[in-house]
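Working notes for the structure below.
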Amino acid sequence: MPPLEFDSRGTWVDVPASAIEKMASLNLDARSGVHAANHALLIVAPLFVVADPSDIATEHVYPRQHRPRPLRLILYDARPGGLGAADALFRRFHAALGQARRLLSECPCRFSAGCPACLHVHTCSGYNANLDRRAARIIVDAVLSELRSISQPCVESPARAARLRDAAVGSRLGASASVSAGWAPSLPDFRPPVE
């Protein structure tokens, strides 16, 4: 059977060397940490972009995998041509990583491989094997630290958000559409006018 190939869009970040070194010193498997961090991002992504969970995908690790892969956190549009979810997530990546860190830290399960509430996803082609929450926290913390050192999270002003929303919804709604103060173009917080 030929491989399934299609053009799409994605967003990724390489795992910092500091995280790789820390995981090695603690004898943690970096691939399992990347797999778990990718799952955490996959789980929280719909909180930041308008997308069905099956519209976004990631790379998965297989127990007997020998093909070299770069250590990276990656999410991509799972539909040919892309739906724009990965592009929207790129603009909200800092916030998504923060929420993924919270998910990894606050789940009450005691399993290093996580549970269905925190890391297991039904679309994992690796059958939710090779997941390591502790390594994932190290990776996410290192990436967040690197992002903080090079940029500040983008905050939309209410006036700009109103202009973007008006341009996006056009005259279908009239002037009575409400704009919440924290709106960003990729967040699903639109409230239609009350009739």
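Tabulated values for the structure
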item	result
Per-residue HN-Hα couplings for segment 8-14 [Karplus 6.51, -1.76, 1.60; θ = phi - 60°; Hz; x = Gly/Pro]	8, 10, x, 9, 8, 9, 6
Whole-Hz ³J(HN,Hα) from phi, Karplus 6.51 cos²θ - 1.76 cosθ + 1.60, for segment 102-107, glycine and proline x	4, 4, 5, 8, 9, 5
Simple label model, 7 Å out from Cα along Cβ direction - A17 to R31, nm	2.3 nm
Cut-off under 5 Å, modelled amide H: who pairs with I56 long-range	A78
In order through segment 60-74: 3J(HN,Hα) via Karplus (6.51 cos²θ - 1.76 cosθ + 1.60), integer Hz, x for Gly, Pro	10, 9, 9, x, 10, 6, 10, 5, x, 10, x, 7, 8, 8, 9
Added length on full extension, which subtracts the Cα-Cα distance from 0.36 nm per residue, F6 to C107	32.8 nm
Ordering of 43-55, 74-86, 107-119 by burial proxy (mean other Cβ atoms within 10 Å per residue, highest first)	74-86, 43-55, 107-119
Cα gyration tensor shape of segment 10-150, rounded if a/c is under 1.5, else prolate or oblate by comparing a/b with b/c	rounded
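Here, each number is a calculation from the coordinates, and none is a lab measurement. These figures come from a predicted structure and were not determined experimentally. Please note: Cβ atoms are built from the backbone with ideal geometry, for glycine as well, and neighbour counts cover all protein chains shown.
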